[in-house]
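The values are calculated or read from the model by the stated rules, or taken from the named source; none is laboratory data. Nothing here was measured: the structure is a model prediction, and the numbers come from that model. Cβ sites come from the backbone with ideal geometry, for glycine too, and all protein chains shown count toward neighbours. For the accessible areas, the whole protein counts, side chains as well, though only heavy atoms, and no ligand, DNA or RNA atoms are used. Shrake-Rupley method; radii C 1.70, N 1.55, O 1.52, S 1.80 Å.
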Amino acid sequence: MTLLKREEWQQFVRDVDWAPSYVDEEAIYPEWHCGTGKVPREAWAKWEESYKVTYPEYVVGQREKEASAYAVKAALQRSDNFDNLDEGWKSATKMHFGGVALVESAAILGELKMARFGLNGAWRNMAAFGALDELRHSQVTTFFGHEFIAKDPQYDWTQKTFHTNNWVPIAARMLFDSIMISPNVVDMAIELPFTFETGFTNLQFIALSADALESGDVNFANMISSIQTDEARHSQQGGPTLEILVEHDPVRAQWVIDKSFWGSARLFSALTGPAMDYYTPLEHRRQSYREFMEEWIVDQFIRTIEDYGLKKPWYWDEFMNGLDTWHHGLHMGLWYWRPTLWWRPKAGVSKDERAWLTEKYPTWEKLYGDKWDVMIDNVNADNVEATLPETLPWLCSNCNLPCSIVTQSRSGIWRARDWELEYDGRKYHFCTNACRQIFWKDRDTVNHETLIDRFLAGQIQPMDVAGILGYMGLTPEVMGDDPDYEAWTRDYVGRPVSGLVTPTGVTAR
Ligand code: MN
Ligand code: MN
């Protein structure tokens, strides 16, 4: 028997479809999963991916990627590479392992849903490869993180994070449930492959991989670039889906993009922002977070959505202004509430680091400098106790991140903004105006209760810091602390003390 050549068989296997005769179409493809909405059923026949792959090619390619990732890992296991990594960089990787390993696992479910309910055979095929991809990502990330547990128990959170009610995974679940688990497949293809995988995984996987190489972490760089090659392929599901939706329902297309872009931008400012601008050692930083965002997200994203005939999201000015503030406020919050983290957040505000921050962010010193001075003076006065939290911050009812965006009036009044909304007999708090608007428009869908909601409802007992840490799954050996207080305070020893401030928030005592 002779085998057909690829070009002889591929065009009729890649989009195999059936006309069912024993059951209704609606029984196989229910609207609430398929989400065709205003798009006529036959319009999906036009769906076509630009880069086509067959199963034999897929298997050969994936095998090579796996072999090379594991070969590098095995070689480095016998070296002292890990022991020589900077603590700040290790924190960036712990945050990644814990924040990403099980999200890859959730992505398997998202891909499988598109593989089952996509209204075109070629799309379902592409999604089946996507599910296999995400299975590999979940495995490789969990396995690579696992190797280091014996050296540092914080790496145990690679697998543990999403099984806890820590506030960071609650915020991450809020986003990923909304783009990978709950949507119909049309919305999902636009939220996950189009918005998240085309834009934001680039940031985490390409930009962070560059910082990893600079920091000497070849193993990590290799792992995430291997993953990114898959993301680049299966993220193609977004474009053809968006093209069809825009033709029939541009308003829905715009809303779905706007909402998922915002949620992704908020979460990345908490995770990638501090990793790039504070944890990565100064001499290894290639660009600031803002510069990476402008190059990889802002320019590309706007060009892409305009190509599809869509507009900049309505909140664009608020988003662009946020590139100078969101992640700095979140970094300060992460550092201050460091016992709630599974990594060791480095403050990163020595004189040299501050000069770099000021060069990249001209308002940095004015907005954050004197707050860090208080921390510095307390550390130098042997009063680290005063830099530890006794209260909880307000968490945003939409993104679940702390309301930590600061503004300063001309007269010098500094405050963390909180946008409020009275609805259904209670008051909600939001970090930004757009989070408030998105919550309002989506108010009938499920929202996770913030950690503060749970605290105030008495779900967390005892109602003190110890009770909160216990609820979040933190145990003493993994609780985050600054890896090296002296590194960022020694420049300031002996200067006049700036005085003490006490942050305000929800009292936990
Ligand atoms: Mn993935
Ligand atoms: Mn993916």
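Here are the numbers:
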{"item": "Any hit, segment 221-238, residues being assigned to a helix (DSSP H, G or I), away from ligand 1 (no atom under 16 Å from the Cβ) and under 21 Å from the mean Cα position of the chain (by Cα)", "result": "yes"}
{"item": "Residue match in segment 248-262 (condition: within 16 Å of ligand 2 (Cβ to nearest atom) and either touching a residue at least 60 places away in the same chain (Cβ under 8 Å) or in contact with a Pro (Cβ under 9 Å, 6 or more places away or on another chain) (or both))", "result": "yes"}
{"item": "Qualifying positions in segment 105-162 - small (Gly, Ala, Ser), touching a residue at least 24 places away in the same chain (Cβ under 8 Å) and either assigned to a helix (DSSP H, G or I) or within 12 Å of ligand 1 (Cβ to nearest atom) (or both)", "result": "SER105, ALA106, ALA107, GLY110, GLY121, ALA122, ALA127, GLY130, SER138, GLY145"}
{"item": "Test for ALA67: is it in contact (Cβ under 8 Å) with a residue 24 or more places away in the chain, open to solvent by less than 70 Å² (accessible area, probe 1.4 Å) and aliphatic (A, V, I, L, M)", "result": "no"}
{"item": "Residue match in segment 177-193 (condition: open to solvent by 10 Å² or more (accessible area, probe 1.4 Å), modelled with pLDDT under 95 and within 26 Å of ASP317 (Cβ to Cβ))", "result": "yes"}
{"item": "Search result, residues across segment 357-372 that are open to solvent by less than 30 Å² (accessible area, probe 1.4 Å) and either in contact with a Phe, Trp or Tyr (Cβ under 8 Å, 6 or more places away or on another chain) or part of a helix (DSSP H, G or I) (or both)", "result": "LEU357, TRP364, LEU367, TYR368, GLY369, TRP372"}
{"item": "Residues located in segment 28-66, provided they are modelled with pLDDT of 95 or more and over 24 Å from ILE190 (Cα atoms)", "result": "VAL59, VAL60, GLY61, GLN62, ARG63, GLU64, LYS65, GLU66"}
{"item": "Matching residues, segment 206-241, being open to solvent by 10 Å² or more (accessible area, probe 1.4 Å) and within 10 Å of ligand 2 (Cβ to nearest atom)", "result": "GLN228, ALA232, ARG233, SER235"}
{"item": "Test result for GLU48, under 29 Å from GLY273 (Cα atoms), more than 16 Å from ligand 1 (Cβ to nearest atom) and surrounded by fewer than 20 Cβ atoms within 10 Å (Cβ to Cβ)", "result": "no"}
{"item": "Members of segment 402-437 that are assigned to a strand (DSSP E or B) and surrounded by 15 or more Cβ atoms within 10 Å (Cβ to Cβ)", "result": "PRO402, VAL406, ALA416, TRP419, LEU421, TYR428, HIS429, PHE430"}
